[in-house]
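So the structure is just underneath, and the comments pick up after that.
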Amino acid sequence: MSQRVLTTESGAPVADNQNSATAGVGGPILLQDQHLLEKLARFNRERIPERVVHAHGSGAYGHFEVTDDVTAHTRAAFLSEVGKKTELFLRFSTVADSLGGADAVRDPRGFAVKFYTEEGNYDLVGNNTPVFFIQDPIKFPDFIHSQKRDPFTGKQEADNVWDFWAHSPEATHQVTWLFGDRGIPASYRHMNGYGSHTYQWTNEAGEAFFVKYHFKTNQGVRSLSAEQAAELAGADPHSHQTDLLQSIERGVTPSWTLYVQIMPAAEAADYRFNPFDLTKVWPHADYPLQRVGRLVLDRNPDNVFAEVEQAAFSPNNFVPGIGPSPDKMLQGRLFAYADAHRYRLGVNHTQLPVNAPKAAPADNYGRDGFMATRNGSRHDRNYEPNSYSGPRQTDAPLSAPLAIHGWTGTHAAPEHAKDDHFFQAGELYRLMSAAEQARLVSNIAGSLSQVSRDDVVEKCLAHFAAADAEYGRRVEEAVHALRAD
Ligand code: HEM
(Lines give C-alpha, C1' and ligand atoms only; values in the text may rest on other atoms or scores of the structure.)
Protein backbone atom coordinates (compact mmCIF):
# COMPACT_ATOMS: atom_id res chain seq x y z
CA MET A 1 0.00 0.00 0.00
CA SER A 2 1.43 3.35 -0.94
CA GLN A 3 2.18 5.81 1.88
CA ARG A 4 -0.70 8.29 2.51
CA VAL A 5 0.34 11.96 2.44
CA LEU A 6 -0.61 14.30 5.28
CA THR A 7 -2.34 17.39 3.89
CA THR A 8 -3.84 20.70 5.04
CA GLU A 9 -7.63 21.12 4.96
CA SER A 10 -7.28 22.41 1.42
CA GLY A 11 -5.39 19.31 0.37
CA ALA A 12 -1.85 20.67 0.08
CA PRO A 13 0.93 18.38 1.36
CA VAL A 14 2.29 19.15 4.83
CA ALA A 15 6.09 19.27 5.03
CA ASP A 16 6.53 19.15 8.83
CA ASN A 17 3.93 18.12 11.42
CA GLN A 18 6.38 18.13 14.37
CA ASN A 19 8.19 21.50 14.18
CA SER A 20 6.57 24.93 13.72
CA ALA A 21 8.27 27.34 11.32
CA THR A 22 10.39 29.85 13.28
CA ALA A 23 12.55 32.88 12.55
CA GLY A 24 15.91 31.23 12.94
CA VAL A 25 16.74 28.34 15.26
CA GLY A 26 15.03 29.06 18.63
CA GLY A 27 13.36 32.19 17.23
CA PRO A 28 9.61 33.16 17.42
CA ILE A 29 7.04 31.43 15.26
CA LEU A 30 6.20 32.78 11.80
CA LEU A 31 2.64 33.86 11.01
CA GLN A 32 3.09 32.29 7.60
CA ASP A 33 3.04 28.76 9.07
CA GLN A 34 -0.40 28.00 7.62
CA HIS A 35 -0.40 24.39 8.83
CA LEU A 36 0.21 25.44 12.46
CA LEU A 37 -2.44 28.19 12.37
CA GLU A 38 -5.02 25.92 10.80
CA LYS A 39 -4.23 23.06 13.18
CA LEU A 40 -4.58 25.20 16.34
CA ALA A 41 -7.65 27.10 15.12
CA ARG A 42 -9.41 23.97 14.02
CA PHE A 43 -8.70 22.28 17.35
CA ASN A 44 -10.30 25.23 19.19
CA ARG A 45 -13.52 24.55 17.32
CA GLU A 46 -13.83 20.80 17.95
CA ARG A 47 -16.52 21.03 20.65
CA ILE A 48 -20.12 21.98 19.94
CA PRO A 49 -22.89 22.59 22.50
CA GLU A 50 -23.83 19.29 24.10
CA ARG A 51 -27.48 18.27 24.32
CA VAL A 52 -29.17 20.24 27.13
CA VAL A 53 -30.48 16.89 28.44
CA HIS A 54 -29.44 13.33 27.49
CA ALA A 55 -25.95 14.70 26.72
CA HIS A 56 -24.18 11.42 27.41
CA GLY A 57 -24.99 8.42 25.23
CA SER A 58 -24.12 5.68 22.76
CA GLY A 59 -25.58 4.73 19.40
CA ALA A 60 -25.77 1.92 16.85
CA TYR A 61 -27.34 1.10 13.49
CA GLY A 62 -29.68 -1.77 12.77
CA HIS A 63 -33.00 -2.66 11.23
CA PHE A 64 -36.63 -3.22 12.13
CA GLU A 65 -38.54 -6.20 10.72
CA VAL A 66 -42.32 -6.43 10.78
CA THR A 67 -43.47 -9.78 12.21
CA ASP A 68 -47.22 -9.16 12.62
CA ASP A 69 -49.89 -7.52 10.50
CA VAL A 70 -50.86 -4.08 11.88
CA THR A 71 -52.42 -2.68 8.71
CA ALA A 72 -55.86 -2.61 10.35
CA HIS A 73 -54.51 0.13 12.62
CA THR A 74 -51.92 2.13 10.66
CA ARG A 75 -51.17 2.88 7.04
CA ALA A 76 -47.48 3.63 7.78
CA ALA A 77 -45.68 2.12 4.78
CA PHE A 78 -42.76 0.73 6.78
CA LEU A 79 -45.25 -1.33 8.83
CA SER A 80 -47.33 -2.40 5.83
CA GLU A 81 -46.12 -5.97 5.29
CA VAL A 82 -44.94 -8.86 7.39
CA GLY A 83 -41.25 -9.44 6.65
CA LYS A 84 -40.59 -5.83 5.62
CA LYS A 85 -37.26 -4.45 6.87
CA THR A 86 -36.37 -0.79 7.56
CA GLU A 87 -32.92 0.57 8.43
CA LEU A 88 -32.60 2.51 11.67
CA PHE A 89 -30.26 4.28 14.05
CA LEU A 90 -30.77 4.06 17.83
CA ARG A 91 -29.19 6.30 20.48
CA PHE A 92 -29.24 5.36 24.17
CA SER A 93 -28.44 7.95 26.82
CA THR A 94 -28.56 8.96 30.43
CA VAL A 95 -30.53 12.14 31.19
CA ALA A 96 -29.07 14.39 33.84
CA ASP A 97 -25.30 14.31 33.60
CA SER A 98 -23.07 16.04 31.08
CA LEU A 99 -21.22 14.39 28.20
CA GLY A 100 -18.62 12.04 29.66
CA GLY A 101 -20.63 11.23 32.80
CA ALA A 102 -20.68 7.70 34.21
CA ASP A 103 -22.98 5.11 32.60
CA ALA A 104 -23.93 3.10 35.71
CA VAL A 105 -26.04 5.72 37.49
CA ARG A 106 -29.61 5.92 38.75
CA ASP A 107 -31.30 7.90 35.99
CA PRO A 108 -33.81 7.20 33.24
CA ARG A 109 -32.22 6.07 29.96
CA GLY A 110 -33.07 7.53 26.56
CA PHE A 111 -34.16 5.11 23.83
CA ALA A 112 -34.35 7.19 20.63
CA VAL A 113 -35.00 5.42 17.32
CA LYS A 114 -34.75 6.91 13.83
CA PHE A 115 -36.45 4.68 11.24
CA TYR A 116 -35.23 5.54 7.71
CA THR A 117 -38.56 4.76 6.03
CA GLU A 118 -39.56 5.14 2.38
CA GLU A 119 -41.95 7.93 3.47
CA GLY A 120 -39.24 9.88 5.30
CA ASN A 121 -37.59 9.48 8.68
CA TYR A 122 -39.79 8.46 11.59
CA ASP A 123 -38.27 9.33 14.99
CA LEU A 124 -39.61 7.63 18.12
CA VAL A 125 -37.80 9.43 20.93
CA GLY A 126 -38.55 7.40 24.04
CA ASN A 127 -37.08 6.35 27.36
CA ASN A 128 -36.60 3.07 29.24
CA THR A 129 -39.50 4.12 31.48
CA PRO A 130 -43.17 3.95 30.46
CA VAL A 131 -44.01 7.15 32.40
CA PHE A 132 -42.44 10.54 33.18
CA PHE A 133 -42.13 13.01 36.06
CA ILE A 134 -44.38 15.85 34.86
CA GLN A 135 -47.53 16.47 32.85
CA ASP A 136 -46.93 19.89 31.30
CA PRO A 137 -43.95 21.04 29.19
CA ILE A 138 -43.99 24.42 30.91
CA LYS A 139 -42.42 22.66 33.93
CA PHE A 140 -39.62 20.95 31.96
CA PRO A 141 -36.84 23.60 32.23
CA ASP A 142 -37.43 23.88 36.01
CA PHE A 143 -37.49 20.12 36.39
CA ILE A 144 -34.22 19.70 34.51
CA HIS A 145 -32.55 22.55 36.42
CA SER A 146 -33.41 20.72 39.65
CA GLN A 147 -31.80 17.47 38.44
CA LYS A 148 -28.66 18.79 36.72
CA ARG A 149 -25.62 20.39 38.33
CA ASP A 150 -26.33 23.13 40.88
CA PRO A 151 -25.07 26.54 39.66
CA PHE A 152 -23.11 27.08 42.90
CA THR A 153 -21.82 23.64 43.90
CA GLY A 154 -21.41 22.41 40.32
CA LYS A 155 -22.92 19.00 41.11
CA GLN A 156 -26.32 17.37 41.44
CA GLU A 157 -27.83 18.23 44.82
CA ALA A 158 -30.39 16.08 46.68
CA ASP A 159 -31.87 19.34 48.01
CA ASN A 160 -32.82 20.49 44.50
CA VAL A 161 -33.83 17.06 43.20
CA TRP A 162 -36.30 16.43 46.04
CA ASP A 163 -37.48 20.03 46.39
CA PHE A 164 -38.84 19.87 42.83
CA TRP A 165 -40.51 16.50 43.49
CA ALA A 166 -41.93 17.81 46.79
CA HIS A 167 -43.80 20.38 44.70
CA SER A 168 -44.70 17.91 41.94
CA PRO A 169 -46.88 15.12 43.34
CA GLU A 170 -47.45 13.92 39.76
CA ALA A 171 -43.80 12.67 39.82
CA THR A 172 -44.54 10.01 42.49
CA HIS A 173 -45.13 7.19 39.97
CA GLN A 174 -41.90 7.85 38.03
CA VAL A 175 -39.91 8.39 41.25
CA THR A 176 -41.10 4.96 42.47
CA TRP A 177 -40.03 3.49 39.16
CA LEU A 178 -36.63 5.24 39.23
CA PHE A 179 -35.68 4.13 42.74
CA GLY A 180 -36.85 0.57 42.10
CA ASP A 181 -34.65 -2.16 40.59
CA ARG A 182 -35.03 -0.93 37.00
CA GLY A 183 -33.62 2.50 37.93
CA ILE A 184 -30.07 1.34 37.11
CA PRO A 185 -29.98 -0.97 34.06
CA ALA A 186 -27.02 -3.40 33.88
CA SER A 187 -26.42 -2.22 30.28
CA TYR A 188 -28.27 -0.59 27.41
CA ARG A 189 -28.91 -4.09 26.04
CA HIS A 190 -30.66 -5.23 29.19
CA MET A 191 -33.48 -2.72 29.39
CA ASN A 192 -36.80 -2.14 27.68
CA GLY A 193 -37.67 0.95 25.66
CA TYR A 194 -41.00 2.78 25.67
CA GLY A 195 -42.53 5.48 23.48
CA SER A 196 -44.02 6.58 26.84
CA HIS A 197 -46.46 9.07 25.29
CA THR A 198 -49.69 8.12 23.64
CA TYR A 199 -49.44 8.51 19.86
CA GLN A 200 -52.05 8.33 17.16
CA TRP A 201 -52.22 5.74 14.39
CA THR A 202 -54.52 6.11 11.37
CA ASN A 203 -55.41 3.30 8.96
CA GLU A 204 -56.19 3.42 5.22
CA ALA A 205 -59.88 4.02 5.96
CA GLY A 206 -58.98 7.08 8.04
CA GLU A 207 -59.93 5.45 11.37
CA ALA A 208 -57.92 6.72 14.33
CA PHE A 209 -56.40 4.75 17.23
CA PHE A 210 -54.30 5.79 20.18
CA VAL A 211 -51.19 3.68 20.76
CA LYS A 212 -48.39 3.18 23.24
CA TYR A 213 -45.09 1.57 22.17
CA HIS A 214 -43.18 -1.05 24.19
CA PHE A 215 -39.78 -2.40 23.06
CA LYS A 216 -39.10 -5.49 25.19
CA THR A 217 -35.46 -6.50 25.39
CA ASN A 218 -34.71 -10.02 24.13
CA GLN A 219 -31.58 -10.10 26.31
CA GLY A 220 -33.75 -10.08 29.44
CA VAL A 221 -34.06 -7.16 31.88
CA ARG A 222 -31.01 -6.95 34.14
CA SER A 223 -30.29 -4.26 36.67
CA LEU A 224 -27.56 -3.19 39.07
CA SER A 225 -27.98 -2.67 42.79
CA ALA A 226 -27.01 0.73 44.17
CA GLU A 227 -23.80 -0.81 45.55
CA GLN A 228 -22.86 -2.58 42.30
CA ALA A 229 -23.49 0.61 40.34
CA ALA A 230 -21.39 2.77 42.65
CA GLU A 231 -18.47 0.38 42.23
CA LEU A 232 -18.87 0.02 38.45
CA ALA A 233 -19.31 3.77 37.85
CA GLY A 234 -15.91 4.28 39.45
CA ALA A 235 -14.10 1.26 37.98
CA ASP A 236 -15.49 1.56 34.41
CA PRO A 237 -17.40 4.81 33.82
CA HIS A 238 -18.07 3.74 30.21
CA SER A 239 -19.53 0.34 31.08
CA HIS A 240 -22.69 0.68 28.93
CA GLN A 241 -20.76 2.03 25.91
CA THR A 242 -18.17 -0.77 26.14
CA ASP A 243 -20.87 -3.42 26.50
CA LEU A 244 -22.84 -2.20 23.44
CA LEU A 245 -19.77 -1.68 21.26
CA GLN A 246 -18.13 -5.00 22.08
CA SER A 247 -21.30 -6.99 21.85
CA ILE A 248 -22.00 -5.72 18.30
CA GLU A 249 -18.33 -6.08 17.26
CA ARG A 250 -18.48 -9.72 18.42
CA GLY A 251 -21.61 -10.26 16.33
CA VAL A 252 -23.82 -10.77 19.39
CA THR A 253 -26.52 -8.48 18.04
CA PRO A 254 -28.92 -7.14 20.64
CA SER A 255 -32.61 -7.13 19.76
CA TRP A 256 -35.94 -5.93 21.08
CA THR A 257 -39.50 -7.03 20.27
CA LEU A 258 -41.90 -4.17 19.62
CA TYR A 259 -45.41 -4.39 21.02
CA VAL A 260 -48.16 -1.76 20.99
CA GLN A 261 -51.22 -1.16 23.09
CA ILE A 262 -54.06 0.05 20.90
CA MET A 263 -57.06 2.10 22.05
CA PRO A 264 -59.82 2.95 19.54
CA ALA A 265 -59.97 6.76 19.47
CA ALA A 266 -63.62 6.84 20.55
CA GLU A 267 -62.73 5.22 23.91
CA ALA A 268 -60.34 7.99 25.00
CA ALA A 269 -62.86 10.52 26.30
CA ASP A 270 -64.53 8.12 28.75
CA TYR A 271 -61.48 6.14 29.89
CA ARG A 272 -61.21 6.11 33.68
CA PHE A 273 -58.09 8.30 33.65
CA ASN A 274 -56.72 10.70 31.07
CA PRO A 275 -55.12 8.41 28.45
CA PHE A 276 -52.82 11.26 27.38
CA ASP A 277 -51.33 11.71 30.85
CA LEU A 278 -47.62 10.82 30.64
CA THR A 279 -47.45 9.99 34.36
CA LYS A 280 -49.70 6.95 33.85
CA VAL A 281 -49.53 3.57 32.12
CA TRP A 282 -52.48 1.84 30.48
CA PRO A 283 -53.06 -1.44 32.36
CA HIS A 284 -52.46 -4.39 30.02
CA ALA A 285 -55.78 -5.87 31.17
CA ASP A 286 -57.49 -2.91 29.46
CA TYR A 287 -55.28 -2.78 26.38
CA PRO A 288 -53.14 -5.91 25.87
CA LEU A 289 -49.75 -5.85 24.17
CA GLN A 290 -49.92 -6.67 20.47
CA ARG A 291 -46.69 -7.70 18.74
CA VAL A 292 -45.49 -5.65 15.76
CA GLY A 293 -41.91 -6.63 14.98
CA ARG A 294 -38.28 -7.00 15.91
CA LEU A 295 -35.59 -4.35 16.22
CA VAL A 296 -31.97 -5.51 15.80
CA LEU A 297 -28.74 -3.53 16.28
CA ASP A 298 -25.91 -4.90 14.17
CA ARG A 299 -23.47 -2.11 13.22
CA ASN A 300 -21.43 0.30 15.28
CA PRO A 301 -20.95 3.83 14.00
CA ASP A 302 -17.51 4.50 12.49
CA ASN A 303 -17.20 7.87 14.20
CA VAL A 304 -18.86 8.72 17.49
CA PHE A 305 -18.85 12.48 16.99
CA ALA A 306 -20.13 12.46 13.41
CA GLU A 307 -22.82 9.89 13.93
CA VAL A 308 -23.80 9.82 17.64
CA GLU A 309 -23.09 13.35 18.82
CA GLN A 310 -24.54 14.86 15.65
CA ALA A 311 -27.57 12.58 15.57
CA ALA A 312 -30.74 14.63 15.83
CA PHE A 313 -34.02 12.93 16.83
CA SER A 314 -37.25 14.87 16.88
CA PRO A 315 -40.65 13.65 18.08
CA ASN A 316 -42.25 15.72 15.30
CA ASN A 317 -40.70 13.56 12.56
CA PHE A 318 -43.79 11.51 11.75
CA VAL A 319 -44.75 9.54 8.63
CA PRO A 320 -48.24 9.13 7.13
CA GLY A 321 -50.36 6.94 9.42
CA ILE A 322 -48.58 8.00 12.64
CA GLY A 323 -49.14 11.30 14.44
CA PRO A 324 -49.28 13.07 17.79
CA SER A 325 -51.91 12.76 20.52
CA PRO A 326 -53.08 15.79 22.52
CA ASP A 327 -50.65 14.88 25.36
CA LYS A 328 -49.40 18.33 26.43
CA MET A 329 -45.90 17.01 27.12
CA LEU A 330 -45.67 15.57 23.63
CA GLN A 331 -46.98 18.82 22.15
CA GLY A 332 -44.17 20.73 23.92
CA ARG A 333 -41.60 18.25 22.64
CA LEU A 334 -42.86 18.74 19.06
CA PHE A 335 -41.29 22.21 19.31
CA ALA A 336 -38.29 21.65 21.55
CA TYR A 337 -36.15 19.15 19.64
CA ALA A 338 -35.87 20.67 16.17
CA ASP A 339 -35.27 24.01 17.88
CA ALA A 340 -32.44 22.44 19.91
CA HIS A 341 -30.99 20.94 16.73
CA ARG A 342 -30.93 24.31 14.95
CA TYR A 343 -28.99 25.72 17.91
CA ARG A 344 -26.72 22.72 18.52
CA LEU A 345 -26.04 21.62 14.91
CA GLY A 346 -27.41 24.36 12.65
CA VAL A 347 -30.26 24.70 10.24
CA ASN A 348 -28.83 22.11 7.85
CA HIS A 349 -28.48 19.32 10.43
CA THR A 350 -30.93 17.25 8.36
CA GLN A 351 -28.27 17.04 5.62
CA LEU A 352 -25.77 15.23 7.86
CA PRO A 353 -25.56 11.56 6.80
CA VAL A 354 -26.92 10.15 10.09
CA ASN A 355 -29.94 12.48 9.95
CA ALA A 356 -30.66 12.64 6.23
CA PRO A 357 -33.58 10.57 4.98
CA LYS A 358 -32.08 7.51 3.28
CA ALA A 359 -35.05 5.84 1.61
CA ALA A 360 -36.96 9.01 0.59
CA PRO A 361 -34.84 12.01 -0.43
CA ALA A 362 -35.92 15.41 0.97
CA ASP A 363 -37.36 17.58 -1.83
CA ASN A 364 -38.66 21.04 -0.94
CA TYR A 365 -38.11 24.77 -1.37
CA GLY A 366 -35.98 25.30 1.77
CA ARG A 367 -32.65 26.78 0.70
CA ASP A 368 -29.19 27.81 1.80
CA GLY A 369 -28.14 28.52 5.42
CA PHE A 370 -24.84 27.63 7.08
CA MET A 371 -23.17 24.54 5.67
CA ALA A 372 -25.76 23.75 3.01
CA THR A 373 -24.68 20.76 0.93
CA ARG A 374 -27.96 19.85 -0.79
CA ASN A 375 -28.01 21.23 -4.31
CA GLY A 376 -31.08 20.88 -6.50
CA SER A 377 -30.68 20.44 -10.22
CA ARG A 378 -29.63 23.64 -12.00
CA HIS A 379 -33.16 24.13 -13.39
CA ASP A 380 -34.98 23.75 -10.04
CA ARG A 381 -37.15 26.68 -8.99
CA ASN A 382 -36.86 27.84 -5.36
CA TYR A 383 -40.47 29.01 -4.98
CA GLU A 384 -43.95 27.51 -5.10
CA PRO A 385 -46.40 27.49 -6.81
CA ASN A 386 -44.44 27.31 -10.05
CA SER A 387 -45.06 26.38 -13.67
CA TYR A 388 -42.22 23.86 -13.68
CA SER A 389 -42.06 20.32 -12.34
CA GLY A 390 -41.17 21.23 -8.71
CA PRO A 391 -42.38 19.08 -5.80
CA ARG A 392 -46.07 19.42 -4.89
CA GLN A 393 -48.14 18.77 -1.75
CA THR A 394 -50.10 15.50 -1.58
CA ASP A 395 -53.39 16.86 -0.11
CA ALA A 396 -53.50 13.65 2.00
CA PRO A 397 -53.48 14.42 5.76
CA LEU A 398 -50.77 12.49 7.63
CA SER A 399 -53.09 11.57 10.49
CA ALA A 400 -56.75 11.83 11.44
CA PRO A 401 -58.10 15.17 12.74
CA LEU A 402 -58.92 15.68 16.43
CA ALA A 403 -62.25 17.21 17.43
CA ILE A 404 -61.63 20.11 19.87
CA HIS A 405 -64.19 21.92 22.05
CA GLY A 406 -63.97 24.74 24.59
CA TRP A 407 -62.10 27.94 25.28
CA THR A 408 -58.44 28.83 25.14
CA GLY A 409 -56.81 29.20 28.58
CA THR A 410 -54.21 27.70 30.90
CA HIS A 411 -56.37 24.71 31.80
CA ALA A 412 -55.51 21.72 33.98
CA ALA A 413 -55.95 18.37 32.18
CA PRO A 414 -59.48 17.18 31.34
CA GLU A 415 -61.03 15.35 34.28
CA HIS A 416 -61.50 11.60 34.23
CA ALA A 417 -62.97 9.51 37.06
CA LYS A 418 -59.66 8.15 38.38
CA ASP A 419 -57.23 11.00 37.78
CA ASP A 420 -54.94 11.32 40.75
CA HIS A 421 -51.20 11.41 41.16
CA PHE A 422 -50.79 8.41 43.41
CA PHE A 423 -52.83 5.30 42.61
CA GLN A 424 -50.48 3.92 39.94
CA ALA A 425 -47.43 4.59 42.15
CA GLY A 426 -49.14 2.52 44.86
CA GLU A 427 -49.96 -0.21 42.35
CA LEU A 428 -46.33 -0.35 41.27
CA TYR A 429 -45.17 -0.63 44.90
CA ARG A 430 -47.65 -3.44 45.62
CA LEU A 431 -46.56 -5.28 42.44
CA MET A 432 -42.95 -5.51 43.67
CA SER A 433 -41.57 -8.53 45.52
CA ALA A 434 -40.79 -8.05 49.21
CA ALA A 435 -37.08 -7.89 48.41
CA GLU A 436 -37.58 -5.24 45.72
CA GLN A 437 -39.81 -3.20 48.04
CA ALA A 438 -37.02 -3.27 50.62
CA ARG A 439 -34.44 -2.09 48.06
CA LEU A 440 -36.83 0.64 46.83
CA VAL A 441 -37.33 1.95 50.37
CA SER A 442 -33.60 1.85 51.08
CA ASN A 443 -32.72 3.60 47.76
CA ILE A 444 -35.22 6.41 48.36
CA ALA A 445 -34.19 6.85 51.97
CA GLY A 446 -30.50 6.96 51.01
CA SER A 447 -31.17 9.95 48.78
CA LEU A 448 -34.05 11.70 50.60
CA SER A 449 -32.19 11.60 53.93
CA GLN A 450 -29.54 13.92 52.42
CA VAL A 451 -32.10 16.73 52.04
CA SER A 452 -31.46 19.58 54.47
CA ARG A 453 -35.02 20.97 54.83
CA ASP A 454 -37.54 19.09 56.96
CA ASP A 455 -40.55 20.55 55.12
CA VAL A 456 -39.27 19.16 51.81
CA VAL A 457 -38.75 15.71 53.35
CA GLU A 458 -42.23 15.78 54.92
CA LYS A 459 -43.92 16.71 51.63
CA CYS A 460 -42.15 13.84 49.82
CA LEU A 461 -43.06 11.36 52.56
CA ALA A 462 -46.70 12.43 52.24
CA HIS A 463 -46.60 11.55 48.53
CA PHE A 464 -45.35 8.01 49.22
CA ALA A 465 -47.97 7.60 51.96
CA ALA A 466 -50.70 8.77 49.57
CA ALA A 467 -49.55 6.08 47.11
CA ASP A 468 -49.63 3.32 49.73
CA ALA A 469 -49.78 3.71 53.52
CA GLU A 470 -47.21 0.96 54.13
CA TYR A 471 -44.87 2.36 51.47
CA GLY A 472 -45.05 5.80 53.11
CA ARG A 473 -44.49 4.43 56.61
CA ARG A 474 -41.47 2.34 55.60
CA VAL A 475 -39.79 5.23 53.74
CA GLU A 476 -40.47 7.52 56.70
CA GLU A 477 -38.92 5.07 59.18
CA ALA A 478 -35.88 4.53 56.97
CA VAL A 479 -35.34 8.26 56.39
CA HIS A 480 -35.67 9.06 60.09
CA ALA A 481 -33.24 6.27 61.01
CA LEU A 482 -30.65 7.58 58.54
CA ARG A 483 -31.16 11.22 59.59
CA ALA A 484 -30.83 10.22 63.25
CA ASP A 485 -27.40 8.81 62.39
C1 HEM B 1 -33.33 14.99 24.41
C2 HEM B 1 -36.52 18.45 25.52
C3 HEM B 1 -39.37 15.14 27.63
C4 HEM B 1 -36.61 11.66 25.78
C5 HEM B 1 -33.93 16.21 24.58
C6 HEM B 1 -33.39 17.47 24.13
C7 HEM B 1 -34.29 18.43 24.42
C8 HEM B 1 -35.40 17.80 25.08
C9 HEM B 1 -34.18 19.92 24.10
C10 HEM B 1 -32.06 17.63 23.43
C11 HEM B 1 -32.25 17.43 21.95
C12 HEM B 1 -30.97 17.57 21.17
O13 HEM B 1 -30.21 18.50 21.43
O14 HEM B 1 -30.75 16.72 20.27
C15 HEM B 1 -37.58 17.84 26.18
C16 HEM B 1 -38.76 18.54 26.65
C17 HEM B 1 -39.55 17.61 27.26
C18 HEM B 1 -38.87 16.33 27.16
C19 HEM B 1 -39.03 20.03 26.48
C20 HEM B 1 -40.87 17.74 27.95
C21 HEM B 1 -41.74 18.67 27.69
C22 HEM B 1 -38.91 13.91 27.26
C23 HEM B 1 -39.61 12.66 27.44
C24 HEM B 1 -38.83 11.69 26.92
C25 HEM B 1 -37.64 12.32 26.40
C26 HEM B 1 -40.98 12.52 28.09
C27 HEM B 1 -39.08 10.22 26.81
C28 HEM B 1 -40.27 9.69 26.78
C29 HEM B 1 -35.48 12.27 25.27
C30 HEM B 1 -34.39 11.55 24.68
C31 HEM B 1 -33.45 12.51 24.29
C32 HEM B 1 -33.98 13.80 24.66
C33 HEM B 1 -34.27 10.04 24.51
C34 HEM B 1 -32.11 12.23 23.62
C35 HEM B 1 -32.29 12.03 22.14
C36 HEM B 1 -30.97 11.67 21.52
O37 HEM B 1 -30.49 10.56 21.80
O38 HEM B 1 -30.42 12.50 20.79
N39 HEM B 1 -35.15 16.44 25.19
N40 HEM B 1 -37.68 16.52 26.50
N41 HEM B 1 -37.72 13.66 26.62
N42 HEM B 1 -35.21 13.62 25.23
FE43 HEM B 1 -36.43 15.06 25.85
Subset of region 459-485 (residues that are part of a helix (DSSP H, G or I) and acidic (Asp, Glu))
Glu470, Glu476, Glu477
Show me the helices (runs of 4 or more DSSP H) entirely contained within region 115-215 in which 2 or more residues are within 14 Å of the ligand (Cβ to nearest atom) and under 20 Å from Leu99 (Cα atoms).
140-147
Across region 95-114, what is the total count of residues that are surrounded by fewer than 23 Cβ atoms within 10 Å (Cβ to Cβ) and either aliphatic (A, V, I, L, M) or not in a loop (DSSP other than H, G, I, E, B) (or both)?
5
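Would you pick out the residues in region 446-470 that are closer than 16 Å to Gln174 by Cα and free of Cβ contacts under 8 Å to residues at least 60 places away in the same chain? Spell out how you get there, then give the answer.
Applying the first criterion (closer than 16 Å to Gln174 by Cα) to region 446-470 yields 447-448, 460-468.
Leu461, Ala462, Ala465, Asp468, listed by residue number.
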With the condition kept exactly as written, say whether any residue in region 250-267 is in contact (Cβ under 8 Å) with a residue 24 or more places away in the chain, in a loop (DSSP other than H, G, I, E, B), touching a Lys or Arg at 6+ places or on another chain (Cβ under 7 Å) and farther than 27 Å from His56 by Cβ.
no
Take Leu334 and decide whether it is surrounded by 19 or more Cβ atoms within 10 Å (Cβ to Cβ), in the same structural domain as Glu119 (by TED's automatic domain parsing) and either over 27 Å from Ser389 (Cβ atoms) or near the ligand (Cβ under 9 Å from one of its atoms) (or both).
no
Consider Asn382 against the criteria (1) in a loop (DSSP other than H, G, I, E, B); (2) within 13 Å of the ligand (Cβ to nearest atom): it satisfies all of them except one. Which criterion is unmet?
(2)
Filter region 41-68 down to the residues that are more than 16 Å from the ligand (Cβ to nearest atom) and among the aromatic types (Phe, Trp, Tyr) and list them by number.
Phe43, Phe64
For region 171-217, enumerate the residues that are in contact with a Phe, Trp or Tyr (Cβ under 9 Å, 6 or more places away or on another chain) and free of Cβ contacts under 8 Å to residues at least 40 places away in the same chain.
Thr217
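Check whether at least one residue in region 307-315 is in the same structural domain as His197 (by TED's automatic domain parsing), of a type in the set (Gly, Ala, Ser) and over 23 Å from Phe64 (Cβ atoms), and report yes or no.
Here is the first cut: in region 307-315, the residues in the same structural domain as His197 (by TED's automatic domain parsing) are 307-315.
From what is left, the residues that are of a type in the set (Gly, Ala, Ser) are 311-312, 314.
Those left that are additionally over 23 Å from Phe64 (Cβ atoms): none.
No, because not a single residue in region 307-315 is in the same structural domain as His197 (by TED's automatic domain parsing), of a type in the set (Gly, Ala, Ser) and over 23 Å from Phe64 (Cβ atoms).
Which of the following residues is under 17 Å from the mean Cα position of the chain (by Cα), modelled with pLDDT of 95 or more, surrounded by 19 or more Cβ atoms within 10 Å (Cβ to Cβ) and aromatic (Phe, Trp, Tyr): Trp256, Trp201? Show your work before the answer.
Values: Trp201 fails: under 17 Å from the mean Cα position of the chain (by Cα).
After ruling out the rest, the residue left standing is Trp256.
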Which listed residue is of a type in the set (D, E, K, R), over 27 Å from Pro326 (Cβ atoms) and in contact with a strand residue (DSSP E or B) (Cβ under 9 Å, 6 or more places away or on another chain), from Asp103, Asp123
Asp103
When residues of region 219-228 are filtered for being free of Cβ contacts under 8 Å to residues at least 60 places away in the same chain and either closer than 11 Å to Asn128 by Cβ or in a loop (DSSP other than H, G, I, E, B) (or both), how many remain?
5
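How many residues does region 64-93 contain that are of a type in the set (Ser, Thr, Tyr) and crowded, with 23+ Cβ neighbours inside 10 Å?
To start, the set of residues in region 64-93 that are of a type in the set (Ser, Thr, Tyr) comprises 67, 71, 74, 80, 86, 93.
Checking the rest, the ones that are also crowded, with 23+ Cβ neighbours inside 10 Å come to 74, 93.
Summing the residues that are of a type in the set (Ser, Thr, Tyr) and crowded, with 23+ Cβ neighbours inside 10 Å in region 64-93 gives 2.
Results for (1) surrounded by fewer than 18 Cβ atoms within 10 Å (Cβ to Cβ); (2) more than 16 Å from the ligand (Cβ to nearest atom); (3) outside any helix (DSSP H, G or I), shown as yes or no for each residue.
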| site | (1), (2), (3) |
| --- | --- |
| Val319 | no, yes, yes |
| Leu330 | no, no, no |
| His341 | no, no, no |
| Val347 | yes, no, yes |
| Val354 | no, no, yes |
| Pro361 | yes, yes, yes |
| Tyr365 | yes, yes, yes |
| Phe370 | yes, yes, yes |
| Gly376 | yes, yes, yes |
The conditions are (1) more than 16 Å from the ligand (Cβ to nearest atom); (2) charged (D, E, K, R); (3) within 30 Å of Val260 (Cβ to Cβ); (4) not assigned by TED's automatic domain parsing to the domain that holds Ala338, and Glu9 fails exactly one of them. Which is it?
(3)
I'd like to verify a number: residues in region 69-109 that are within 16 Å of the ligand (Cβ to nearest atom), over 20 Å from Phe132 (Cα atoms) and among the β-branched types (Val, Ile, Thr), how many?
0
Long-range neighbours under 9 Å by Cβ, at least six apart or interchain, first residue buried (at least 19 other Cβ atoms within 10 Å of the Cβ) within region 229-243, second in a helix (DSSP H, G or I) and among the β-branched types (Val, Ile, Thr)
Gln241/Val304
Kindly check whether there is at least one residue in region 121-144 that is surrounded by fewer than 21 Cβ atoms within 10 Å (Cβ to Cβ), modelled with pLDDT of 95 or more and among the basic types (Lys, Arg).
yes
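The values are calculated or read from the model by the stated rules, or taken from the named source; none is laboratory data. Everything numeric here is computed off the predicted structure, so don't read it as measured data. We place every Cβ from the backbone using ideal geometry, glycine too, and count neighbours over all the protein chains shown.
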